[in-house]
Amino acid sequence: MRIAVMGAGSTGGYFGGMLARGGNEVSLIARGAHLEAIKSDGLKVLRDDEEFTVRCQATDDPSEVGPVDLTLLCVKTYQNGDALPLMKPLVGPGTTVLCLQNGVDSYLTAAEVLGESSVLPGAAFIEAGMPAPGVVRQTGSLVRIILGETNGVETERCRAIRDAFVGAGVPAEVVPDIRAGLWTKFLFIATMAGVTSMARATLAELMPQRQWRKVVLACLAEIDAVGRACGVDLPQDIVPNTVSYIEEHLADLQASMHTDLLAGRPLELEALNGAVVRAGNVSGVATPINDVIYAMLKAHQKGS
């Protein structure tokens, strides 16, 4: 399969590297020192139990790649204004754009620019970072891709994409209710990103503290209530299951928004806690925890 990765940073770089090693023709869209390092030395992928390097096309100009079978959309949501128009040369009549961005409605933004029929919603469950230019690191036991059509039909393109990931050693699943799947990740990531950014501390530091644990649990419950009020069919045990996951993986959990805040970079605030506030307003559910998170981080949204 011919695959392009738009935003080959930590998450996109990991999946691009795995897919390239799995025999797919992968093109990585990156920029700056990271791009130059990939061009010079290849993309190095570090995992807990192995490391490998792949060499594939790398560029900051999607027009050099042309139409592909699959494009992974992995740029931060605040980059969409610049990134989505640049992706148009990648999208032909048979191209699927798999949106792996944070948030529950990011794929709708991509569909407005690239075409509703081309864009497929999905979510990536992964802990990954970029310790140096040209290097991506994946940690922990959870790596998973979910994807699905908005109408719940398991189409041929869904199966082909799933098989490409699975064939490259990445667990992937076509889910019948992708909206519930997106909210399942969203509940966790918006809580982790919002609370840790507000506190300037990791969940490993916060969860042992009674007062902060209370805030984390309240944020999870708040997003759960908003999702259900919006008509999302979330699992009944999603909050306790998410708490169990957090407690089992504390050492590996680091929100990218927290990292970006400390580095003075822009934040995905609108796609995460801002989205909770907006959905709460529409559904009539109060969101006091996310209101505070949003208010405290708004001034840092564009970086410093």
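The values are calculated or read from the model by the stated rules, or taken from the named source; none is laboratory data. Because the structure is a prediction, the values reported are computed rather than measured. Glycine gets a Cβ as well: all are built from the backbone with ideal geometry, and neighbour counts include every protein chain shown.
Structural remarks
- Among the residues of this structure, Gly274 counts as one that is under 16 Å from Asn102 (Cβ atoms) and either free of Cβ contacts under 8 Å to residues at least 24 places away in the same chain or touching a strand residue (DSSP E or B) at 6+ places or on another chain (Cβ under 7 Å) (or both).
- Qualifying residue in the stretch 77-91 (condition: among the hydroxyl-bearing types (Ser, Thr, Tyr) and farther than 18 Å from Ile29 by Cα): no
- Among all residues of the stretch 251-258, there is none that is of a type in the set (D, E, K, R) and closer than 13 Å to Lys298 by Cα.
- Put simply, of Arg200, Arg210 the only residue that is more than 20 Å from Thr77 (Cα to Cα), of a type outside the set (S, T, N, Q) and either at pLDDT below 95 or in contact with a Leu (Cβ under 8 Å, 6 or more places away or on another chain) (or both) is Arg200.
- Scanning the stretch 190-208 for residues that are outside any helix (DSSP H, G or I) and within 14 Å of His249 (Cα to Cα) gives Thr202, Met207, Pro208.
- In summary, Lys44 fulfils each of the numbered conditions (1) touching a Leu at 6+ places or on another chain (Cβ under 8 Å); (2) part of a strand (DSSP E or B); (3) farther than 25 Å from Lys185 by Cβ; (4) touching a residue at least 60 places away in the same chain (Cβ under 8 Å) with the single exception of condition (1).
- Selected residue [hydrophobic (A, V, I, L, M, F, W, C), closer than 24 Å to Ala132 by Cβ and within 17 Å of the chain's Cα centre (by Cα)] from Leu108, Leu84, Leu43, Leu72: Leu72
- Filtering the stretch 103-144 to residues that are among the β-branched types (Val, Ile, Thr), farther than 20 Å from Ala263 by Cβ and surrounded by 23 or more Cβ atoms within 10 Å (Cβ to Cβ) leaves Val104, Val119.
- Of all residues making up the stretch 82-106, the number that are within 24 Å of Lys185 (Cβ to Cβ) and in a helix (DSSP H, G or I): 3
- Total residues in the stretch 199-233, condition hydrophobic (A, V, I, L, M, F, W, C), over 19 Å from the mean Cα position of the chain (by Cα) and under 20 Å from Val285 (Cβ atoms): 11
- Residue in the stretch 28-39 that is more than 18 Å from Thr59 (Cβ to Cβ) and either in the same structural domain as Thr139 (by TED's automatic domain parsing) or in contact (Cβ under 8 Å) with a residue 40 or more places away in the chain (or both) present: no
- Filter result (surrounded by fewer than 16 Cβ atoms within 10 Å (Cβ to Cβ) and under 22 Å from Met207 (Cα atoms)) within the stretch 222-247: Asp237, Pro240, Asn241, Ser244, Tyr245, Glu247
- Number of positions in the stretch 145-172 that are surrounded by 15 or more Cβ atoms within 10 Å (Cβ to Cβ) and of a type in the set (Asp, Glu): 1
- Condition met for Thr139 (in the same structural domain as Asp69 (by TED's automatic domain parsing), outside any helix (DSSP H, G or I), of a type in the set (Ser, Thr, Tyr) and within 29 Å of Met296 (Cβ to Cβ)): yes
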